[in-house]
Amino acid sequence: MAPKFGTSGLRGLVTELTDDVVADYTRAFLASCPTGGRVFVGWDLRPSSPRIAAAVTAAAGAMGLPVTRCGALPTPALALAAMEAGACAVMITGSHIPADRNGLKFYLPTGEISKADEARISAALGPGSGTTPGTPPETAPETAPEVTDTDEAAGDYVARYATAFGASALGGLKIGVYQHSSVARDIMVQAVEALGGMAVALAPSDTFVPVDTEAVDPDTRGMLNAWCREHGLDAVISTDGDADRPMVTDATGRIVPGDVLGPLTAGFLGAEVICTPVSSNTAVDGMGFSRVLRTRIGSPYVIAAMEDLAGQKVVGYEANGGFLLGFAAAAPAGPLAPLMTRDSLLPILAPLARARAEGRTLADLVATLPARFTAADRVAGIEPEDSAAFLDGLRGDAAARAAFFDTGSDEAEVDETDGLRVTFATGDIVHLRPSGNAPEFRCYAEADSPERAEELLQTHLAKLTERLG
């Protein structure tokens, strides 16, 4: 499958992300979008990422643009550094997907690119193979453009939260940091310690581990639980590969879903308006926010909705936990400037700091929310055309839906905002959607108890596997 844009960024097999293809996309981005006159480049810890970063740097230099290489660092840290410098950025990452795939995330000087920007980039590649961008340089610059290296961006990212939350925000908490191959594995330790907590580093890996914070496998869940018991932890924290999606557990090792971390963070920061995809937990609807706006899945859609609400105390988050701050918030120890890209560190630190400030455990804080529970996973190896054909058959045929869905209840509502999301008379919800980044079919379930949500998930994963796997 040729590289293509998914829910967030360009993705493809490493074998297809050749230096020529990477250069073509880089030139198309720089030719069709605002650059601010400089390019910031960062990468994750995949084996292929440094090579791809070198191809991006060379292509930008050939167009006469100076490049600031920030090294291996979280995507939100790169975005923050570039936006503060008024520059564009390219992050080399495949996010949570396996190491045989990688990708590019593009940032304007104002933040993450939109779907309209993606279309402009694709159009600038020209017809056919994508090897002839629309406005390549006719000649190389007379002098080699400046290429500089900096290691300040990661430190500035940690300092952002140390200043906002203060040196005692996590005082007395013992927090495990599941490091694996997250590009934020050292930064998470630094952030916990900067906020007064005790960090326990766990399981760093020299081999890339594709952690999907939205679909954590049973073995990993068991490992998290064991660590909490062994070390007496108050929580375990982690991220996906490029650290724009958080993973947080309570003291028992139970994962707190991203669409629970999101509204907890929003409430702590005084947000009034929520923008979140249709797949997110509906508990947020009963939490007292003035407005909850549902979007398609993917940070570009969330950002577009937030931009339409500029001037309000608006935030966005996704079911995977990535959090976007759209206003200047008053954090406990100082101001917190907007960051209009998916971030992992804020929704990790804010709920933990909030629970401590309220004298609660994290589990007790979560228990204050409306009793709605979600579960999500995926069936791998399902090609997009097969997923699309299957969903098309369900969308237009109520009898087909009745035959496929197994909830013991009549359907009450069908939502086609993104995929197929069916609400049943009991309040159970099952949402089916092809992945935008990989040959996978995702299933989301929601119910009034965690056991019921898991039952719905496993039932429909089995049915999807039988039909498509």
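The values are calculated or read from the model by the stated rules, or taken from the named source; none is laboratory data. Every value quoted in this text rests on a predicted model; they were computed, and no experiment measured them. A quick note on method: Cβ atoms are made from the backbone with ideal geometry, for glycine too, and the neighbour counts reach across all protein chains shown.
The table for this structure:
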| read-out | value |
| --- | --- |
| Odd one out for Pro300 among (1) surrounded by fewer than 23 Cβ atoms within 10 Å (Cβ to Cβ); (2) free of Cβ contacts under 8 Å to residues at least 60 places away in the same chain; (3) not aromatic (Phe, Trp, Tyr) | (2) |
| Filter result for the condition that a residue is aliphatic (A, V, I, L, M) and assigned by TED's automatic domain parsing to the domain that holds Gly270, over Leu420, Leu324 | Leu324 |
| Matching residues in segment 442-455 - criterion: being crowded, with 20+ Cβ neighbours inside 10 Å and farther than 14 Å from Ser279 by Cβ | Ala447 |
| First in segment 362-385 and assigned to a loop (DSSP other than H, G, I, E, B), second anywhere and acidic (Asp, Glu), Cβ under 7 Å, 6 or more apart | Ala371/Asp448; Arg372/Glu446; Arg372/Asp448; Ile382/Glu440 |
| Some residue of segment 434-456 being assigned to a loop (DSSP other than H, G, I, E, B), among the acidic types (Asp, Glu), assigned by TED's automatic domain parsing to the domain that holds Arg221 and out of contact with any helix residue (DSSP H, G or I) (no Cβ under 6 Å at 6 or more places or on another chain) | no |
| Output for segment 342-361, where each listed residue is crowded, with 20+ Cβ neighbours inside 10 Å and either of a type outside the set (Lys, Arg) or without any contact (Cβ under 8 Å) to a residue 40 or more places away in the chain (or both) | Asp343, Ser344, Leu345, Leu346, Pro347, Ile348, Leu349, Ala350, Pro351, Leu352, Ala353, Ala355 |
| Among the residues listed as Val284, Val236, Val200, the single one being within 23 Å of Ile97 (Cα to Cα) and either assigned by TED's automatic domain parsing to the domain that holds Gly311 or in a loop (DSSP other than H, G, I, E, B) (or both) | Val236 |
| Residue in segment 459-467 that is surrounded by fewer than 16 Cβ atoms within 10 Å (Cβ to Cβ), of a type in the set (Gly, Ala, Ser) and not assigned by TED's automatic domain parsing to the domain that holds Val14 present | yes |
| Per-region count, segment 16-44, residues surrounded by fewer than 22 Cβ atoms within 10 Å (Cβ to Cβ) and over 19 Å from Leu125 (Cβ atoms) | 3 |
| Residues (touching a strand residue (DSSP E or B) at 6+ places or on another chain (Cβ under 7 Å), assigned to a helix (DSSP H, G or I) and of a type outside the set (Val, Ile, Thr)) located in segment 296-310 | Ser299, Pro300, Tyr301, Ala305, Met306 |
| Filtered residue count, segment 331-361, keeping only those that are of a type in the set (S, T, N, Q), assigned to a loop (DSSP other than H, G, I, E, B) and touching a strand residue (DSSP E or B) at 6+ places or on another chain (Cβ under 8 Å) | 1 |
| Where Glu416 falls short, out of the listed (1) in contact with a helix residue (DSSP H, G or I) (Cβ under 7 Å, 6 or more places away or on another chain); (2) within 30 Å of Asn102 (Cβ to Cβ) | (2) |
